[in-house]
Amino acid sequence: MRVLITGAAGFLGSHLVDRFLSEGYQVVGVDNLVTGSAGNLAHLDGNPRFRLIEHDISTPLYFDSDLEGVLHFASPASPVDYLELPIQTLKAGGLGTHNTLGLALRHGARYLLASTSEVYGDPQVHPQPESYWGNVNPVGPRGVYDEAKRYAEAMTMAYRRAHGLDTRIVRIFNTYGSRMRPGDGRVVSNFIVQGLRGEPMTVYGDGSQTRSFCYVDDEIEGIFKLYRSSRVDPTNIGNPDECGIRELVSLVMEATGSSVPPIFLPLPVDDPVVRRPDISVARRELGWSPTVTLRDGLRKTVDWFRELMGRPYARSRTLFGD
Ligand code: UDP
């Protein structure tokens with residue numbers, strides 16, 4: 001049993017690698033290390049069931065040994081990253097999806113696409129069920145990610161219909177936990193780093209916008225269950241416990257022990273006002289629902305960041321982006 005996972009050195013990719021290894025699989029990781037970090041896989045050095053191929057998946061990849069599955073997780077995934085890397089983001093979702101689908105087809109492998117809640121854009125239906133088609137601005141700055149993933153879903157379904165490929169599509173909602181890159185610009189990592197440094201947390205807009213944050217272990221469990229299931233239509237995997245950004249400030253202040261008041265900065269263009277998954281399908285068809293509360297998950301994540309920030313090399317600009 002061997003699976004190939006692109007984006008293996010990223011936040012979710014590296015956790016997924018661990019999950020497949022723990023189930024007895026051999027895992028081939030692929031990553032170009034643009035937003036991923038080899039450090040996320042350092043604990044696998046010398047593991048005979050894992051190897052990493054450094055490769056940009058927007059160019060074709062040829063692989064000879066048998067594959068049971070191909071899971072495409074490579075992409076810049078935080079708004080700051082994909083605004084800095086707009087063309088690479090479109091290529092990872094467009095060409096990268098096409099290349100990995102071709103690879104899966106050649107190997108007769110199951111294919112799982114990492115899609116996103118961003119396919120719903122700034123949603124006019126709340127919470128978002130899989131049947132909602134979304135409200136995306138294709139030409140706005142976020143369009144590079146949203147449209148790449150929408151195209152990726154369309155391409156995955158086309159391979160299913162045209163070639164009979166065995167496909168799965170997971171729509172991943174905001175996820176947090178260990179191995180997030182401290183400088184990736186996402187709200188949870190920003191607030192934790194700011195809280196631990198005793199700096200003010202940067203709230204964009206008035207902080208009334210909402211997100212629904214899923215702890216990484218829950219997210220990975222849902223994705224793994226989807227991979228092993230027979231569910232072929234897109235499936236939301238996320239935590240439906242919705243949280244305003246101002247409320248998140250309080251929770252992260254509590255978890256980091258910070259008492260510095262937040263500052264308010266302009267809201268990014270096209271920032272969705274609300275986001276919350278309807279996970280009825282995952283509950284019913286996968287028997288999955290999240291188990292870790294935001295308070296508990298934040299505590300574990302803060303512990304991880306505290307440890308990371310204590311390491312001398314971790315104070316580098318690259319990791320923190322400042
Ligand atoms: N946000 C914020 N402060 C930050 C980073 C993000 O207030 O330092 C807000 C952002 O405007 C958005 C929400 O937090 O409304 C989630 O942002 P994130 O970049 O984590 O992911 P998104 O869900 O927008 O893809």
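Below are the figures for this structure:
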item: Residue ID - nearest to the ligand (Cβ to nearest atom), chosen from residues in region 159-189 that are over 15 Å from MET309 (Cβ atoms) and in contact with a Pro (Cβ under 8 Å, 6 or more places away or on another chain); result: ARG186
item: Failed criterion for SER259 (all others in (1) free of Cβ contacts under 8 Å to residues at least 24 places away in the same chain; (2) at positive phi hold); result: (2)
item: All positions within region 141-168 that are small (Gly, Ala, Ser) and open to solvent by less than 30 Å² (accessible area, probe 1.4 Å); result: GLY143, ALA148, ALA152
item: Count of residues meeting criterion [more than 13 Å from the chain's Cα centre (by Cα), more than 10 Å from the ligand (Cβ to nearest atom) and in contact (Cβ under 8 Å) with a residue 40 or more places away in the chain] in region 202-235; result: 11
item: Some residue of region 258-279 being outside any loop (DSSP other than H, G, I, E, B), within 16 Å of the ligand (Cβ to nearest atom), open to solvent by less than 20 Å² (accessible area, probe 1.4 Å) and more than 15 Å from PRO129 (Cα to Cα); result: no
item: Residues that are assigned to a helix (DSSP H, G or I), among the hydroxyl-bearing types (Ser, Thr, Tyr) and open to solvent by 10 Å² or more (accessible area, probe 1.4 Å), drawn from region 1-45; result: SER22
item: Wholly enclosed strands (runs of 3 or more DSSP E) of region 180-255 bearing at least 1 residues open to solvent by 30 Å² or more (accessible area, probe 1.4 Å); result: 202-204, 242-244
item: Flag if ASP81 is within 14 Å of VAL34 (Cβ to Cβ), within 13 Å of the ligand (Cβ to nearest atom) and of a type in the set (Asp, Glu); result: yes
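The values are calculated or read from the model by the stated rules, or taken from the named source; none is laboratory data. Only a predicted model underlies this, so the values are computations on that prediction, with no experimental measurement involved. All Cβ positions, glycine included, derive from the backbone under ideal geometry; neighbour counts span all protein chains shown. To get the accessible areas, we keep the full protein, side chains included, count just its heavy atoms, and leave off ligands, DNA and RNA. Shrake-Rupley method; radii C 1.70, N 1.55, O 1.52, S 1.80 Å.
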